[in-house]
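Undergrad: Sharing a structure with you now.
Any read-out appearing in this document is the output of simple, stated calculations on the displayed coordinates, not a laboratory observation. Bear in mind the structure is a predicted one, so any value in this text is a computation, not a measurement. A quick note on method: Cβ atoms are made from the backbone with ideal geometry, for glycine too, and the neighbour counts reach across all protein chains shown.
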Amino acid sequence: MTIIRCHLACATAMLLIACGTGAYAQARYVGTDVSHGGTIAGTVRLAVAAPAAAVDRVTKDEVVCGKRKPSPRLVTGKGNGVRYAVVWIDGIARGKKCPAAGTATLMQKNCEYAPHVLIVNPGDELEIVNEDPILHNVHSYDLGNNLRSVFNIAQPVKNFHSRVRGADIAGVQSMLATCDAGHPWMNAYIVRAASPYCAVTDADGHFRLDGVPPGTYTLRMWHEGITARNSAGGPGTPPVVEAPYADAQQVTLSPDGKVDVTFVFSIRPATAAN
C-alpha cells in the first residue's frame, strides 16, 4: 500500500473527493435502478497494535466534561481495526439512488462531538444539538479552502438546536468542526456526500458499500491523522494536525459479486508527523 503524505494545506483536500465530491461534482451523480449490483466490503486496520490513546486534560467545565478526554483521532477495535476512516468509490457517476433527503445530526454531548465523522447525504440539512448544560459552540472550517471559517454557532444551553441549510454551505464539501468555548479537544469531520457509495468504518474498522453496479473502480480510504497540537493562533483557530493517511485500490466487481478489500497503514514516526 502507498501512503500519501503531505502537509495539512494540501492533504485535507484528499477528503474533498470523498463520496464523489470534488472534481467529480461537476458531473452530477445520477441515481437509478441497479441490475445485478454487488458489494464492496472490507476493513481498515493498523499494521501493528495501536499505542495508548492520547488524552487531553480538561481545564473548564469539569463537572460536565470530566477531568480528561481521550482523543477520538485514533480508535481501534478487534484485529487493530481503525474506526472513523472514510472509504468511498472515487468518481462514480451513476448507480443506486441516494437516500431520501433528511437531517444529519451532530451532537455535542459530554463535551465531545458525536459522531466524530458525519456523512451528510445529498439534500440533507445539517442539525447541531447541544446536550450539555453548558455553553458550547460549533466552529467549522472548510478543509478545501485553506481552513476558511464557514460558520460559528453559539449554543448556550442544553437542548439548543441549530440548523445549517445546504445553501449556507454551498460549495463546501468537507469541514472540520471545533469548539471555541474552552473545549479545544472537541473536533469532528463533516463530509457532504454526492453519491451513496461512501462509508465510515465501524468500531472494528469494517465498511460495506452495497448495490454497486458491476465494473472496475478506484476505492479510496482517508483517515484524518493522529498527531495534533493546539494552534499557535490560540482560541478561535483550528488545531494543527498531521497530514491525513490516504490510500487507494482498484477493484473489479462482477454482477451480483462481492469484493473484500483491506487497507493497512502504519503510524508515522513522530519526526514525520508534521
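Undergrad: Please say if the range 74-135 is rounded, prolate or oblate, where rounded means a/c under 1.5 for a ≥ b ≥ c the square roots of the C-alpha gyration tensor eigenvalues, and otherwise the choice is prolate for a/b larger than b/c and oblate otherwise?
TA: Details: a/c = 3.59, a/b = 1.23, b/c = 2.91.
Verdict is oblate for the range 74-135.
Undergrad: Would you mind classifying the range 28-161 by shape? Square roots of the alpha carbon gyration tensor eigenvalues, ordered a ≥ b ≥ c; an a/c under 1.5 is rounded, otherwise it is prolate if a/b is larger than b/c and oblate if not. Write down the numbers at each step before the final one.
TA: On the way: a/c = 2.34, a/b = 1.36, b/c = 1.73.
Because a/c hits 1.5 or more and a/b fails to exceed b/c, the range 28-161 counts as oblate.
Undergrad: So what J values fall out for the range 263-268 if you push phi through Karplus, 6.51 cos²θ - 1.76 cosθ + 1.60 with θ = phi - 60°, rounded to Hz, Gly and Pro as x?
TA: 9, 10, 9, 10, 5, 5
Undergrad: Using 30 Å as the Cα-Cα cut-off, could you pick out the over-long pairs in K69/K96; K96/K158; K109/K258; K97/K258?
TA: Those over the limit are K69/K96; K96/K158; K109/K258.
Undergrad: Another one. What FRET efficiency would be calculated for the residue pair R68, V264, taking the C-beta separation as r and a Förster radius of 30 Å, to the nearest 0.05? List each step's numbers first, then the result.
TA: Working: r = 30 Å, r/R0 = 1.01.
So, using R0 = 30 Å, E works out to roughly 0.50.
Undergrad: Would you mind classifying the range 126-182 by shape? Square roots of the alpha carbon gyration tensor eigenvalues, ordered a ≥ b ≥ c; an a/c under 1.5 is rounded, otherwise it is prolate if a/b is larger than b/c and oblate if not. List each step's numbers first, then the result.
TA: Numbers: a/c = 3.20, a/b = 1.68, b/c = 1.91.
It comes out oblate by the Cα gyration axes.
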